[in-house]
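The values are calculated or read from the model by the stated rules, or taken from the named source; none is laboratory data. Keep in mind that this is a model prediction, so the values were computed, not measured. Note: ideal-geometry Cβ built from the backbone for every residue, glycine included; neighbour counts use all protein chains shown.
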Amino acid sequence: MDTINQNRQVKVIQNLLRFTYGLVPVIAGLDKFTNLLVDWKIYLNPNLSGMLPMGPVVFMYIVGVIEIAAGILTLAKPRIGGYVVMAWLILIALNLISMGAYFDIAVRDLVMSIGAFSLAQLSALVDESKEPHYAKNLAHNV
């Protein structure tokens, strides 16, 4: 396979991951305000909930805003956003594991974090390939 076709395939894969890890957090974040998919408070560790300076509903609104921001960042800058979404998914999984419940969702989120990491890594390669030839040579000579 020639380089042009390989680059095109890599870009397709990167965009698929970018839209997945960009749109899903935005949708989940928006749902924190409507609870159409699920009552998100059930996923909040009761021990953590008791330590919060606000109620669980307000906390979920804050979580929603963070998720929306992470999704938008991933859509705009997947090289950075992928790492942010990866970390966020790991934190969610740790919260669920600490509850001793929802292990299936925790495992799913950990697997999804690997996909977000893959997006960040792939985006770094795509960004690197966009550098002008002289910039690559300059970087090697420094």
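When I97, I68 are checked against the criterion of being free of Cβ contacts under 8 Å to residues at least 24 places away in the same chain and either part of a helix (DSSP H, G or I) or out of contact with any Leu (no Cβ under 7 Å at 6 or more places or on another chain) (or both), a single residue qualifies: I97. Can you find a residue that is closer than 20 Å to S98 by Cα and among the hydroxyl-bearing types (S, T, Y) anywhere in segment 28-39? Among the residues of segment 28-39, not one is closer than 20 Å to S98 by Cα and among the hydroxyl-bearing types (S, T, Y), which makes the answer no. When segment 1-26 is filtered for residues that are without any contact (Cβ under 8 Å) to a residue 24 or more places away in the chain and either within 19 Å of I105 (Cα to Cα) or among the charged types (D, E, K, R) (or both), the ones remaining, listed by number, are D2, R8. Just one of the numbered conditions (1) within 19 Å of L125 (Cα to Cα); (2) modelled with pLDDT of 95 or more; (3) not basic (K, R) is not true of L30: (1). For I80, the test of being part of a helix (DSSP H, G or I), surrounded by fewer than 20 Cβ atoms within 10 Å (Cβ to Cβ) and under 11 Å from the mean Cα position of the chain (by Cα) is passed.
The lone criterion from (1) surrounded by 12 or more Cβ atoms within 10 Å (Cβ to Cβ); (2) at pLDDT 90 or above left unmet by N7 is number (2).
So is M112 within 30 Å of K11 (Cα to Cα) and assigned to a helix (DSSP H, G or I) or not? Quick ask: steps written out before the conclusion?
On the way: within 30 Å of K11 (Cα to Cα): yes; assigned to a helix (DSSP H, G or I): yes.
In short, yes.
Among the residues of segment 93-109, those identified as of a type in the set (G, A, S) and over 18 Å from the mean Cα position of the chain (by Cα) are S98, G100, A101.
Listed conditions (1) surrounded by fewer than 17 Cβ atoms within 10 Å (Cβ to Cβ); (2) in contact with a Pro (Cβ under 7 Å, 6 or more places away or on another chain) are all met by L52, apart from (2).
Listed conditions (1) touching a Phe, Trp or Tyr at 6+ places or on another chain (Cβ under 9 Å); (2) farther than 19 Å from D109 by Cα; (3) of a type outside the set (D, E) are all met by G50, apart from (1).
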